[in-house]
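Presented below is the structure to which this report refers.
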Amino acid sequence: MINLVDLKRQFQSVKNEILQEIDAVIESGQYILGTKVRELEAKIAKRLGVSEAIAVANGTDALVLTLDGYGIGAGDEVITSPFTFFASAEAISRVGATPVFADIDPVTFNIDPKEVEKKITSATKAIIPVHLFGQPADMDELNALAKKVGLFVIEDACQAFGASYKGRPVGGLGNAACFSFFPTKNLGTMGDGGMITTSDSELANQIRKLRAHGTTQKYYHDRIGFNSRLDELHAAILLVNLVNIDEWNGKRRALADRYRQLLADAVHVRIPQEADDHIYHLYCLESDRRAELMAALAKANIQTGVYYPRCLHLQEVYSGLGYQEGDFPVAERLSEKLFAIPMHPFLMEEEQDQIVSILRQEGGN
């Protein structure tokens, strides 16, 4: 089997270092929000050029806590992409606000600032651009638009740790940013984890309070909060992986370049554009023959995946918002044509050759 993502290979490569860190945590007697969490927060804040990093339980909580920290709730609207994982919209709904969708760019698959502008109303409070598949959204245009009308920009960077935009790391490009450390992410742990980054000290103070039941002094509460804390074991694992993230992302870029060369003249697939700032959390191809190509790869024991088969505006839970098929033609077209092929730092060239051979054979060239 050639896996879409191979976590076993990844964690085996750092197994000894992780076991040493786990042993150190056990010996410390600190298991929740201890020294490892603080070290991870400090290192990520420094890396991203922000003053604050707040570790939380997962990427979805990161989005929810950031929205809540800004006081966004009932009666407010937040604009985001219809072509992303459900959590990007779910977090908006979770705080009582209304998700408003805007179509995406057909090349980058990220939210289109021109479409965002069309969706702004007096109720709009924020924009959540998603750096989809590891490629940053058009942050200059989105920030300029947000500044003009007074909106918060919250980066959904859950798929993009290590990516950069015009030389600046994602995570410090808007008012705040949210990361996921789910195991399959470029920077992941052996379970759930998340992080919020910002240079807004007041927001950071609110989020630290919210992640711990709305308190900064034990047993005294001035807000209704959450229980969303990163434990020491996951922080220790992430610190090990953080040392390796640039090397791993570099291998992803090299594999993407190789895919691009080997599939450059393939007739039945469209490959992602070349982009220096992309860190290829997923490598997705577009094809009118998606089902046939995926079936051929599956027959050869090669995993693939569809990201995403149903756009968010067409999900049953959002039927009450009044969206219909055809409202976002770019996103809807990609939901029918896009599929991911194996991409991870430990994919071997001979495996990549096998994948490409099948794609070319089935594509007729």
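The values are calculated or read from the model by the stated rules, or taken from the named source; none is laboratory data. Please read all numbers here as calculations on a predicted model, not as lab measurements. Every residue, glycine as well, gets a Cβ built from its backbone with ideal geometry; the counts of neighbours run over all protein chains shown. Accessible surface areas use protein heavy atoms only, side chains included; no ligands, DNA or RNA. Shrake-Rupley method; radii C 1.70, N 1.55, O 1.52, S 1.80 Å.
In the set 297, 312, 338, which member is touching an Asp or Glu at 6+ places or on another chain (Cβ under 7 Å) and buried (at least 19 other Cβ atoms within 10 Å of the Cβ)? Spell out the reasoning first.
Working: 297 fails: touching an Asp or Glu at 6+ places or on another chain (Cβ under 7 Å); 312 fails: touching an Asp or Glu at 6+ places or on another chain (Cβ under 7 Å).
Checking each option against the conditions leaves just 338.
What number of residues within region 203-225 are in contact with an Asp or Glu (Cβ under 7 Å, 6 or more places away or on another chain) and surrounded by 18 or more Cβ atoms within 10 Å (Cβ to Cβ)? Before the answer, list the steps.
Initially, region 203-225 is screened for residues in contact with an Asp or Glu (Cβ under 7 Å, 6 or more places away or on another chain), giving 204, 210, 214.
Still in the list and also surrounded by 18 or more Cβ atoms within 10 Å (Cβ to Cβ): 204, 210.
Residues in region 203-225 being in contact with an Asp or Glu (Cβ under 7 Å, 6 or more places away or on another chain) and surrounded by 18 or more Cβ atoms within 10 Å (Cβ to Cβ): 2 in total.
Given (1) modelled with pLDDT under 95; (2) under 21 Å from residue 101 (Cβ atoms), where does residue 316 come up short, assuming only one miss?
Unmet for residue 316, out of (1) modelled with pLDDT under 95; (2) under 21 Å from residue 101 (Cβ atoms): (1).
Considering each of 307, 259, 318 in turn, give the residue that is in a helix (DSSP H, G or I), open to solvent by 10 Å² or more (accessible area, probe 1.4 Å) and aromatic (Phe, Trp, Tyr).
Values: 307 fails: in a helix (DSSP H, G or I); 259 fails: open to solvent by 10 Å² or more (accessible area, probe 1.4 Å).
Answer to the check: 318.
Given the options 235, 157, name the one that is crowded, with 24+ Cβ neighbours inside 10 Å, modelled with pLDDT of 95 or more and in contact with a Lys or Arg (Cβ under 6 Å, 6 or more places away or on another chain). Give the steps one after another, and end with the answer.
Working: 157 fails: in contact with a Lys or Arg (Cβ under 6 Å, 6 or more places away or on another chain).
Unique residue meeting the criteria: 235.
Let's see how each residue does on (1) surrounded by fewer than 20 Cβ atoms within 10 Å (Cβ to Cβ); (2) farther than 22 Å from residue 88 by Cα; (3) among the small types (Gly, Ala, Ser):
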| site | (1), (2), (3) |
| --- | --- |
| 163 | no, no, yes |
| 175 | yes, no, no |
| 178 | no, no, no |
| 198 | no, no, no |
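Farther than 15 Å from residue 362 by Cβ, touching a residue at least 12 places away in the same chain (Cβ under 8 Å) and aliphatic (A, V, I, L, M): which single residue out of 279, 302 fits that description? Working first, answer last.
Working: 302 fails: farther than 15 Å from residue 362 by Cβ.
So the residue among 279, 302 that is farther than 15 Å from residue 362 by Cβ, touching a residue at least 12 places away in the same chain (Cβ under 8 Å) and aliphatic (A, V, I, L, M) is 279.
For the structure I just gave you, tell me whether residue 18 is on the phi < 0 side of the Ramachandran plot and surrounded by fewer than 15 Cβ atoms within 10 Å (Cβ to Cβ).
Details: on the phi < 0 side of the Ramachandran plot: yes; surrounded by fewer than 15 Cβ atoms within 10 Å (Cβ to Cβ): no.
No.
Only one of 137, 97, 144, 126 is hydrophobic (A, V, I, L, M, F, W, C), touching a Pro at 6+ places or on another chain (Cβ under 6 Å) and modelled with pLDDT of 95 or more; which? Break it down into steps so the answer makes sense when it comes.
Details: 97 fails: touching a Pro at 6+ places or on another chain (Cβ under 6 Å); 144 fails: touching a Pro at 6+ places or on another chain (Cβ under 6 Å); 126 fails: touching a Pro at 6+ places or on another chain (Cβ under 6 Å).
Just a single option satisfies the conditions, and that option is 137.
Filter region 281-304 for residues that are assigned to a loop (DSSP other than H, G, I, E, B) and more than 23 Å from the chain's Cα centre (by Cα); which is farthest from residue 156 (Cα to Cα)? Don't jump to the end; show me each part of the working.
To start, the set of residues in region 281-304 that are assigned to a loop (DSSP other than H, G, I, E, B) comprises 281-282, 287-289, 300-301, 303-304.
Now narrow it down to the ones that are more than 23 Å from the chain's Cα centre (by Cα): 287-289, 300-301.
Values: 287: 27, 288: 29, 289: 31, 300: 35, 301: 33 Å.
Ranking the candidates gives 300 first.
Restricting to region 115-130, give me the number of residues that are free of Cβ contacts under 8 Å to residues at least 24 places away in the same chain and β-branched (Val, Ile, Thr).
0
Looking only at region 172-212, count every residue that is touching a helix residue (DSSP H, G or I) at 6+ places or on another chain (Cβ under 9 Å), part of a helix (DSSP H, G or I) and basic (Lys, Arg) and tell me the total.
Counting residues in region 172-212 that are touching a helix residue (DSSP H, G or I) at 6+ places or on another chain (Cβ under 9 Å), part of a helix (DSSP H, G or I) and basic (Lys, Arg) gives 1.
When residues of region 190-239 are filtered for being of a type in the set (Phe, Trp, Tyr) and touching a residue at least 40 places away in the same chain (Cβ under 8 Å), how many remain?
If we filter region 190-239 for residues that are of a type in the set (Phe, Trp, Tyr), which is where we start, we get 219-220, 226.
With touching a residue at least 40 places away in the same chain (Cβ under 8 Å) added as a condition, the list becomes 226.
Residues that pass the stated criteria total 1.
Please verify whether residue 269 is open to solvent by 30 Å² or more (accessible area, probe 1.4 Å) and β-branched (Val, Ile, Thr), treating the condition exactly as stated. It would help to see each step written out before you state the result.
Working: open to solvent by 30 Å² or more (accessible area, probe 1.4 Å): no; β-branched (Val, Ile, Thr): yes.
So residue 269 fails the test.
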